[in-house]
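See structure below.
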Amino acid sequence: MKERLQALKEEAVSKIEEASNVKEIQDIRVAYLGKKGPITEILRGMGKLPAEERPKMGQLGNEIRAIISDKLDEKMEQLEKAAVAEKLKKETIDVTMPGRPVQKGNHHPLTRVVEEIEDLFIGMGFSIAEGPEVETDYYNFEALNLPKNHPARDMQDSFYITEDILLRTHTSPMQARTMEKHEGKGPVKIIVPGRVYRRDTDDATHSHQFTQIEGLMVGENVRMSDLKGVLQTFAKEMFGQEREIRLRPSFFPFTEPSVEMDISCFNCGGEGCSVCKGTGWIEILGGGMVHPHVLEMSGFDSKKYTGFAFGMGPERIAMLKYGIEDIRNFYTNDVRFLKQFNRVNQ
Amino acid sequence: MLVSMRWLEQYVDLGNHTAEQLADLITKSGIEVETVESLNKGVKGVVVGHVVSCEQHPNADKLNLCKVDIGEEEPVQIICGAPNVAEGQKVAVAKVGAVLPGNFKIKKAKLRGEASNGMICSLQELGIESKLVQKEFADGIFVFPNDVEVGTDALEYLNLNDKVLELGLTPNRADCMNMLGVAYEVAAILKKEVNLPSPSVEHSDESAADYVSVSIENKEDNPYYGATIIKGVEVKASPLWLVNRLVSSGIRPINNIVDITNYVLLEYGQPLHAFDYDRLGSKEIVVRRAGDGEKIETLDDTERTLSSDHLVITNGKKPVAVAGVMGGADSEVYDGTQTILLEAAYFNGFVVRQASKDLNLRSDSSARFEKGIDRNRVHLAAKRAASLIVELAGGEVLEGPVEAGERTVEEKSVSVSVKRINRVLGTDISENTVAEIFDRLRFEYNNDNGTFSVLVPARRPDITIEEDLIEEVGRLYGYDNLPATFPYGEGTPGGLTDYQNKRRLVRRYMEGAGLYQVTTYSLTSPKKNAFFGEIGYNDITLSMPMSEERAVLRTSLVPHLLDVIEHNHNRQLDDVAIYETAKVFLTKQEKVSELPKEEEHISAAFTGLWQEHSWQKEKKPVDFFVAKGVIEGLVEELGLSDRISFQKAEKQNMHPGRTANVLLDEEEIGFVGQLHPEAQSEYDINETYLFELNLERLLTTNTEPLEYKSLPRFPSVTRDIALVVDEGTEAQAVLNIIEQAGGKLLAETRIFDLYQGEHMEEGKKSLAFSLRYYNPEHTLTEEEVKKAHDRVVDQLKQEIGASLRG
Ligand SMILES: [Zn+2]
């Protein structure tokens, strides 16, 4: 009996080893371990054995069952793994095929430049102020020390709607509007981005509509050296830490003294190239100390308060920064143009 | 303003500075030098030649065979086609091997069998602009005066080795619209002296007052008028030096009298006018406003109609000049002029500007009056011109001048303290340095313990207040020497407003949703403004538009977004999704007298494929629900989902079956829909979907604070229903009934199917909903769900006759 059991074991084990699929294993399990299987059959004949041998034989039977069962499990696992592997192999894809594009758009380059500048000045404690694009002659000119008939009005031919209402020619009217709101009390620290309009024929370098960013700071201790310091910080953050700045005297009716700021050319580093027209410097913005008439007209005591103001053109900055050759590109919105501004700068 | 280096040297010692170095210094101290131009346009090897003989070319009618002495052993033979070439002339000869502008090299040549060894040049051929060439040489070669030396550098005589600085003058620096002003500026920069001309005139015994009287009607228009009479002049060509000065300054030489007035205009900045005394037609000069409709024929042979806004010089009866702008043709100096009345006056800039603007006549003279001339230099300029006329045209100056008004004014005093200077500039400049700077500027001053009272010369009318002096000190001290500091004691937090923050969020959302931001023009055409028909607002029209396309302010962003779609479509870019946030301009006024309402809108346009992944065969074109989905996501971002609804609408130029108004709290704030196929073909673009919303309303509508809700603790139960309803029944109406009837237990309703067409009864459609029930108190019982769900089904049957399907 013992021998028969051993022989059954050998037979089962070799069949298990030969099995090549899950079905065969299941069949072997039923055939050897099932209620009608040979081991059960043999053990049923145990009644004929002497009483003292029965437990031994029972134990042996169980041991053999366990061995076969383990072998079955083991083989089953092997086969399952193989089946999975086979399945996965069939699922293999070409990972170099392009992925599904994620829908995404991006900022217009002007917004990109404007937000960058806004954030820079917000970091220096400035707020963002916005004002009307259709302005009164008073805020656009008179409150900025540009009375009617002032020759400097020729500098910026304007789009008038009526004698007193026009499209703002700069964002500077917000200087007066903001100061009025402060009712003669400082400090005032604002950045004013916005669209402005001038009578220019559109071409590669002129646009009848463009963007401007104005800055204004009025307080009891504001000095021209502060303007230099703030603009230096701006220039380095915006155009690179190695940039130098240079202030040149200039003229604007609403600032006195007035300056223009150049930065050392980021293309040639100051040696002279086509970007800087050989001078090594690139003009970036205009500014100066707020004219006392402007302070007084907006309700500030010009003996007590001083201020600085500056203005710049994001189109020009974007053109310089990215090498855009035609200002009209900003307004025609060719998607091949827009899509180029879809990533970080560095 | 063009400044010749050679001319400038007459007044200031320029040391060893090159034109470029000087330009840099001038720019840094306040006047931008825009260009440094070399008058020599690459010319080499041009000498003075003497035409020894000149005969007709044997084989060519129009050519001359010239023997020209160019200071070499033998005269050279040169063939010249110029009509004015003649024996005995001194001419400019480009020798063999010479180079003319444009790198044109002169070589030995043979013309119709005769050798030509060089070229006799016209001024144009030497690089002088045609508009600056005197009439007599305009169509031929240039002929030197006889006193030039044969064989020497011809360019030297023509001053073509000079360099010219072009100053870009800001309106405040009109003082540098003349050589003396530039000399003062350069002397201050270089710390040098200024050498002024000192004209002297000998008077004849005759008195000018016997020849003319002068009266001024209004002293405000014309504070001073001086008339100098010069008798016995000879009008002829100017000497070469004077011609050269004018040419280097961009003015064409005419004759000695006119050239001298122009020369003094350039030197002193004082516009002068020379009348032919004998042609004036009277013995008086009356300065007055013109009558409305009064006429004058000006020097340019054009009849001008004047108005009472214009100031004229009259002979007591009729105008003989438009003051400060242009003289009249009748009294113009000509070859036969013998007696001159030289006008040197100060006219008010406003009135000159008005005339120059109205008559569309800008002259070197009007430009200077407009920007302001040196009040105290007027009579000096007359003296300078008179002395030059005597020198170059002969004649005698009668005792005078005859004057009206005040010849000079007192100079004004402006004060500033060293303390204030340093306080404004943020510097530590010493009293001595300030004094030195005023000295360099040649400002007289009185220094009382650091407070400077400066007597501002009349040549600097731009200096009227303390700050103007601070600027003078600052710019000559040098802004490079200014420290870079940070403001102190003005700490403010800074940052964006809620509105600005939300707007940034909206932009990022739109871009995340797949749209590109665009920027388009605010000005548009009335036709585009009428895109949506009558909208209850009037066009805001520019008083002088540059074109019909940019004549009014836009009332909608849509038309220009369509322009962008069209631009891209024309370049085969057909899958485009764009948006813009910008203002529209709204007024109810017929004629604008108040600032219009400026309302910020957001608008988007979609065309072509929305999603595409070609190799996986996925192509999803844009449709109405893409556009609507973007809006739904947007309002969700803004916390307004529950307050937004869509309502079928009809709108001009929009598809009548595929357009909806967007409502916020039941109030219309915009629309979404498909561009009408007719409008689409008018634009010649593909199927396009659009929306435009009042962004300002969206961003200023406050929403409930964001509040956390506990995660569900009990399972929910989902029931699906498929309904058959009338085709015209809107899903929203069905949803409303379901939500109403479902009560508190109905947590969510989703539409998961819409079926129309085959297998459906005519005029019906099927809508399938998935209803999720949830009770936050306990696990739902079958009974609870059944009760709520039955209520829903009943209500649907009752209200819209819906029947359950399948
Ligand atoms: Zn460069």
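The values are calculated or read from the model by the stated rules, or taken from the named source; none is laboratory data. This one's a predicted model, so the numbers in the text were calculated from it and none came from an experiment. Here the Cβ positions follow ideal geometry from the backbone for every residue, glycine too, while neighbour counts run over all protein chains shown.
Values as computed for the structure displayed
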item: Matching residues in the range B:752-768 - criterion: being in a strand (DSSP E or B) and either free of Cβ contacts under 8 Å to residues at least 40 places away in the same chain or in contact with a Phe, Trp or Tyr (Cβ under 7 Å, 6 or more places away or on another chain) (or both); result: B:F752, B:D753, B:L754, B:Y755, B:K765, B:S766, B:A768
item: Options A:E91, A:E53, A:E74: the member that is over 30 Å from B:Q616 (Cβ atoms) and modelled with pLDDT of 85 or more; result: A:E74
item: Sole exception among (1) within 30 Å of B:L573 (Cα to Cα); (2) in contact with a helix residue (DSSP H, G or I) (Cβ under 7 Å, 6 or more places away or on another chain); (3) not in a strand (DSSP E or B) for B:K651, by number; result: (2)
item: Per-region count, the range A:1-19, residues assigned to a loop (DSSP other than H, G, I, E, B) and under 27 Å from A:P50 (Cβ atoms); result: 1
item: Qualifying residue in the range B:165-180 (condition: more than 25 Å from the chain's Cα centre (by Cα), in contact (Cβ under 8 Å) with a residue 40 or more places away in the chain and assigned to a loop (DSSP other than H, G, I, E, B)); result: no
item: Any hit, the range B:493-509, residues being modelled with pLDDT under 95 and farther than 30 Å from A:I191 by Cβ; result: no
item: Pick from the range A:104-154, criterion within 8 Å of chain B (Cβ to nearest Cβ) and on the phi > 0 side of the Ramachandran plot, ranking: farthest from the chain's Cα centre (by Cα); result: A:N149
item: Residue match in the range A:322-329 (condition: within 16 Å of the ligand (Cβ to nearest atom), within 9 Å of chain B (Cβ to nearest Cβ), modelled with pLDDT under 95 and surrounded by fewer than 20 Cβ atoms within 10 Å (Cβ to Cβ)); result: no
item: The range A:247-261, residues that are within 7 Å of chain B (Cβ to nearest Cβ) and touching a Lys or Arg at 6+ places or on another chain (Cβ under 8 Å); result: A:L247, A:R248, A:P249, A:F251, A:P257, A:V259
item: Test: residue in the range B:396-414 that is modelled with pLDDT of 95 or more, surrounded by 14 or more Cβ atoms within 10 Å (Cβ to Cβ) and under 16 Å from B:I470 (Cα atoms); result: yes
item: Flag for B:E704 being over 21 Å from B:L557 (Cβ atoms) and outside any strand (DSSP E or B); result: yes
item: Segments classed as helices (runs of 4 or more DSSP H), wholly inside the range B:354-445, with at least 2 members that are touching a helix residue (DSSP H, G or I) at 6+ places or on another chain (Cβ under 7 Å) and within 14 Å of chain A (Cβ to nearest Cβ); result: B:364-371, B:418-425
item: Of all residues making up the range A:274-320, the number that are β-branched (V, I, T), away from the ligand (no atom under 15 Å from the Cβ), outside any strand (DSSP E or B) and within 10 Å of chain B (Cβ to nearest Cβ); result: 0
item: Those residues of the range B:721-751 which are in a helix (DSSP H, G or I) and loosely packed, with under 15 Cβ neighbours inside 10 Å, in sequence order; result: B:A731, B:Q732, B:A733, B:N736, B:E739, B:Q740, B:G743, B:K744
item: Among residues of the range B:583-609, those that are touching a strand residue (DSSP E or B) at 6+ places or on another chain (Cβ under 7 Å) and facing chain A (nearest Cβ under 8 Å), counted; result: 6
item: A:A235 vs. criteria modelled with pLDDT under 95, within 27 Å of B:P493 (Cα to Cα) and in the same structural domain as A:I282 (by TED's automatic domain parsing); result: yes
item: Positions within the range B:368-406 being within 27 Å of B:C176 (Cα to Cα) and among the β-branched types (V, I, T), in sequence order; result: B:I373, B:V378, B:I389
item: The range A:241-265, residues that are within 13 Å of the ligand (Cβ to nearest atom) and surrounded by fewer than 17 Cβ atoms within 10 Å (Cβ to Cβ); result: A:E244
item: Failed item, numbered, when B:G629 is tested on (1) more than 23 Å from A:T136 (Cα to Cα); (2) surrounded by 17 or more Cβ atoms within 10 Å (Cβ to Cβ); (3) free of Cβ contacts under 8 Å to residues at least 40 places away in the same chain; (4) away from chain A (no Cβ under 11 Å); result: (2)
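Every residue, every condition in (1) surrounded by fewer than 23 Cβ atoms within 10 Å (Cβ to Cβ); (2) farther than 25 Å from B:P677 by Cα; (3) in contact (Cβ under 8 Å) with a residue 40 or more places away in the chain, yes or no:
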{"site": "B:L553", "(1), (2), (3)": "no, yes, yes"}
{"site": "B:D574", "(1), (2), (3)": "yes, no, yes"}
{"site": "B:E600", "(1), (2), (3)": "yes, yes, yes"}
{"site": "B:A604", "(1), (2), (3)": "no, no, yes"}
{"site": "B:L634", "(1), (2), (3)": "no, yes, yes"}
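Residue by residue, here is whether (1) surrounded by fewer than 22 Cβ atoms within 10 Å (Cβ to Cβ); (2) at pLDDT below 95; (3) touching a Ser or Thr at 6+ places or on another chain (Cβ under 6 Å) holds:
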site	(1), (2), (3)
A:H107	yes, no, no
A:A129	no, no, yes
A:M155	yes, yes, no
A:E183	yes, yes, no
A:T201	yes, yes, no
A:F210	yes, no, no
